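Just below is one structure, and these are the notes that go with it.
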Amino acid sequence: MIASVTAASQGKSVVLLHPGLFIGGMTSSGLGLTDFGNTHVIGGRSRQFYRDVGKHYRRDEEWLFEPHGASKVFDQYLQLSGVQLELRQFVGRAVVEHRRLREIVMLSGLRVRAKCFIDATYEGDLMALSGVTYTVGREPNSAYGETIMACRCATNISSVLTSILMSNRENRHPACFRSSTNQTPRPKAQAITAFRVEKQMLCYWLDRRLARNDKIS
Ligand SMILES: Cc1cc2nc3c(=O)[nH]c(=O)nc-3n(C[C@H](O)[C@H](O)[C@H](O)COP(=O)(O)OP(=O)(O)OC[C@H]3O[C@@H](n4cnc5c(N)ncnc54)[C@H](O)[C@@H]3O)c2cc1C
């Protein structure tokens, strides 16, 4: 949705092919309790979307919304953008010539020829039909010479740590939830931030150890 509107705003003629009766994917299908982590890393049109949803609720910005709130914003984007929307279209076949995707044929019989295709199907249905190579899951660091990509087995260890910390009895706060000066329990938001920092540090430490092939017990 955002890709189509962005391409149209840059002067491209865009056809948006969608299998359902309303657009917006997860965002307009009930995924309205946004687990955003750190809002500062969300920008561009994505951030604008949450601001526009905010207008629907008469707020500056809104991250918790109903499907119809999101749909209303997406409908406005479409109307303003000039994107041609084709509903109830299921991709059936990809026409590849000289290693380039030239055309897709929908199950309805509609044929779409374009210079550029964006596969936004979540599971890469068009990529699979086109026969491009892809990886399922995460490649090893060695595939692209990466050294600092995200936590893997460390993530499991840290989630175990989460359970241990969270299962502490109500009034017995683990050390990282206490202020270092007066040892009084921190307010919840502060405690959660402190916990996230601890978790990231643990992941970083474990990843460094793993990168060096250290034994971790
Ligand atoms: C239960 C759950 C909770 C989540 N919670 C969060 C969260 O709190 N915060 C967060 O940041 N992320 C969350 N995510 C992840 C987030 O939803 C996805 O990363 C995001 O929606 C992906 O956006 P997308 O546009 O790639 O896919 P989608 O939003 O899924 O859109 C894909 C679109 O492609 C269409 N489509 C599918 N197959 C085809 C096809 N063959 N032909 C044509 N169209 C097709 C679908 O109908 C859909 O409209 C959650 C995911 C799940 C499942």
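What follows is calculated from the coordinates using simple rules that are stated; it is not laboratory data. Given the structure is predicted, the values throughout are model-derived calculations rather than measurements. Positions of Cβ are backbone-derived with ideal geometry, glycine not excepted, and every protein chain shown enters the neighbour counts.
Here segment 2-130 is assigned +1 on the Cβ of each Lys and Arg and -1 on the Cβ of each Asp and Glu. Its dipole about the Cα centre then comes out at about 500 debye.
Backbone amide hydrogens, once placed in the peptide plane, bring Val132 within less than 5 Å of nothing, excluding anything fewer than 5 places away on its chain.
Put simply, the C-alpha atoms of segment 1-64 give a gyration tensor, and the ellipsoid matching it has half-axes of 22, 16, 11 Å, longest first. Take each peptide in 12-24, 115-127, count the other Cβ atoms within 10 Å of every residue, and average; sorted highest first, the result is 12-24, 115-127. Spin-label pair Glu146-Leu110: with each label point 7 Å from Cα along the Cα-Cβ axis, the two points sit 3.5 nm from one another. Counted over segment 2-130, the DSSP beta bridges are approximately 75% antiparallel. Taking every pair of alpha-carbon atoms in segment 2-130, give the share separated by more than 27 Å as a whole percent. Result for the distance tail: 26 percent. Modelled spin labels at Phe90 and Asp35, positioned 7 Å past Cα toward Cβ, are 3.1 nm from each other.
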